[in-house]
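Quick notes on the structure that follows.
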Amino acid sequence: MKRTLIATAVAGLAFPAAAMADCGRVSVAEMNWSSASIISKITEFLMVQGYGCEVTLVPSATTTAVTSLAENNEPDVVPELWINSAPLYTRLEAEGRVRKAADVFSDGGTENWFVPDYLIEEHPELATIEGVLANPELVGGRFHNCPDGWGCRIANDNLIIAHDFEGAGMDVFNHGSGETLAAAMATAYENREPFFGYMYGPTAVLGRYGMVAIDIGEYDSEIHACNQTVDCETPAISSFPAAPVLTVVTADFAERNPAVFELVSNISFTSQGLSELLAWQDLNSASAEETAVHFLTTEQDTWMGWLNTEAAERLSALFP
């Protein structure tokens, strides 16, 4: 009953017009991937039910959203903008046209090389790349690499040279798609088999299985920059940096609606927390809206802390 009530609210219930006037109309980008869609649905629910906003979700993607901000000063709110893929954002921010509201991933988007926790429990030396390469047979003698076309593939290929995989006897398997890479990780874990490979986060597979990010060396910005280029002449050792992932708003929106700007400034998730939410979605074959409802019903203590006093009082009525 409680979940039905909240699902109905997410679908579009709103407060009376008097309360609506406090916020007005708000356009929120809904990016075309799972985690972003879930965040947009949660944001929509809190804006509508807590602040009386009339929200329009605008289907979008990284380049589309930033181009629209530049040309049309819309949408008002863009959750989960990966700014390393949107160089135009930096210019818009410098011009004062957009503002960072929050690191919507508090620890950034992540990229790592992983080994299952059960292998590290048996062989603690596998927690570092030195330990893995000294014992390739313990991880199956294979590194599961990114597909062609992914940015990580270039960096991985250079790191493979820097760590001398060939000299260590480590084979490299280049996956044809992200789906086969995730499936290989899932199959190995479910069968408690060896696995060693790349994965980014947040993803459902990292939320579902106990994979451990191994230490592949200190991060060095200059080395990483070279490793990201196909023609890097001196591949060397560096870990991946966390990618900044933001909620961005137009300057106009922040000025005309400070209460809702404060709300979106508070909405933030850890990469692992979102991975677990994506895992729930995957296991339950759930829509983004259903996954948002799951979060709202199970993480009330988290999101109540994002609200101001008035909004918290309004939403408390839905969660007796």
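The values are calculated or read from the model by the stated rules, or taken from the named source; none is laboratory data. Everything numeric here is computed off the predicted structure, so don't read it as measured data. For neighbour counting, all protein chains shown are included, and Cβ atoms are generated from backbone atoms with ideal geometry for every residue, glycine included.
Conditions (1) part of a helix (DSSP H, G or I); (2) without any contact (Cβ under 8 Å) to a residue 24 or more places away in the chain; (3) in contact with a Leu (Cβ under 9 Å, 6 or more places away or on another chain), marked per residue:
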position	(1), (2), (3)
P235	no, no, yes
A259	yes, no, no
W280	yes, no, no
A286	no, yes, no
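Looking at segment 166-192, I want the residues that are more than 15 Å from F114 (Cα to Cα) and have a partner that is modelled with pLDDT under 95 with Cβ atoms under 6 Å, at least 6 apart or on another chain. Which pairs are those?
H175/P147; G176/P147; S177/P147
Taking the conditions exactly as written (at pLDDT below 95, under 30 Å from D157 (Cβ atoms) and hydroxyl-bearing (S, T, Y)), does T229 satisfy them or not?
On the way: at pLDDT below 95: yes; under 30 Å from D157 (Cβ atoms): yes; hydroxyl-bearing (S, T, Y): yes.
Yes, satisfied.
Go through segment 124-168 residue by residue and tally those that are modelled with pLDDT of 95 or more and either outside the structural domain of E218 (by TED's automatic domain parsing) or among the aliphatic types (A, V, I, L, M) (or both).
Within segment 124-168, residues that are modelled with pLDDT of 95 or more and either outside the structural domain of E218 (by TED's automatic domain parsing) or among the aliphatic types (A, V, I, L, M) (or both) number 13.
Determine, yes or no, whether W113 is closer than 29 Å to M304 by Cα and in contact with a strand residue (DSSP E or B) (Cβ under 6 Å, 6 or more places away or on another chain).
Numbers: closer than 29 Å to M304 by Cα: no; in contact with a strand residue (DSSP E or B) (Cβ under 6 Å, 6 or more places away or on another chain): yes.
Criteria not met by W113.
Which count do you get for residues in segment 136-177 that are hydrophobic (A, V, I, L, M, F, W, C) and assigned to a loop (DSSP other than H, G, I, E, B)?
Here is the first cut: in segment 136-177, the ones hydrophobic (A, V, I, L, M, F, W, C) are 138-139, 143, 146, 150, 152, 154-155, 159-162, 165, 168, 170, 172-173.
Applying the additional criterion that residues be assigned to a loop (DSSP other than H, G, I, E, B) yields 146, 150, 170.
Summing the residues that are hydrophobic (A, V, I, L, M, F, W, C) and assigned to a loop (DSSP other than H, G, I, E, B) in segment 136-177 gives 3.
Go over the candidates T297, T302, T291 one by one and state the one that is surrounded by 19 or more Cβ atoms within 10 Å (Cβ to Cβ), in the same structural domain as G50 (by TED's automatic domain parsing) and either assigned to a loop (DSSP other than H, G, I, E, B) or on the phi < 0 side of the Ramachandran plot (or both). Spell out how you get there, then give the answer.
Working: T297 fails: surrounded by 19 or more Cβ atoms within 10 Å (Cβ to Cβ); T302 fails: surrounded by 19 or more Cβ atoms within 10 Å (Cβ to Cβ).
Every option except T291 fails the conditions.
Here are the criteria: (1) more than 17 Å from A243 (Cα to Cα); (2) among the hydrophobic types (A, V, I, L, M, F, W, C); (3) without any contact (Cβ under 8 Å) to a residue 40 or more places away in the chain. Tell me which single one V98 does not satisfy.
(3)
Criterion first (of a type in the set (A, V, I, L, M), surrounded by 14 or more Cβ atoms within 10 Å (Cβ to Cβ) and assigned to a loop (DSSP other than H, G, I, E, B)) does A254 satisfy it? Break it down into steps so the answer makes sense when it comes.
Working: of a type in the set (A, V, I, L, M): yes; surrounded by 14 or more Cβ atoms within 10 Å (Cβ to Cβ): yes; assigned to a loop (DSSP other than H, G, I, E, B): no.
So A254 fails the test.
One line per residue, one yes/no per condition, for (1) modelled with pLDDT under 90; (2) out of contact with any strand residue (DSSP E or B) (no Cβ under 7 Å at 6 or more places or on another chain):
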position	(1), (2)
A17	yes, yes
R25	no, no
I38	no, yes
N73	no, no
P87	yes, yes
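Exactly one of (1) under 30 Å from T43 (Cα atoms); (2) in a loop (DSSP other than H, G, I, E, B) is unmet by V205. Its number?
(2)
For F261, only one of the following conditions fails: (1) of a type outside the set (D, E); (2) under 22 Å from R99 (Cα atoms); (3) crowded, with 17+ Cβ neighbours inside 10 Å; (4) out of contact with any Lys or Arg (no Cβ under 9 Å at 6 or more places or on another chain). What is its number?
Failing condition for F261: (4).
Anything in segment 39-83 that is closer than 24 Å to E310 by Cα, assigned to a helix (DSSP H, G or I) and not charged (D, E, K, R)? List them, or say none.
I39, S40, I42, T43, F45, L46, M47, V48, Q49, G50, Y51, listed by residue number.
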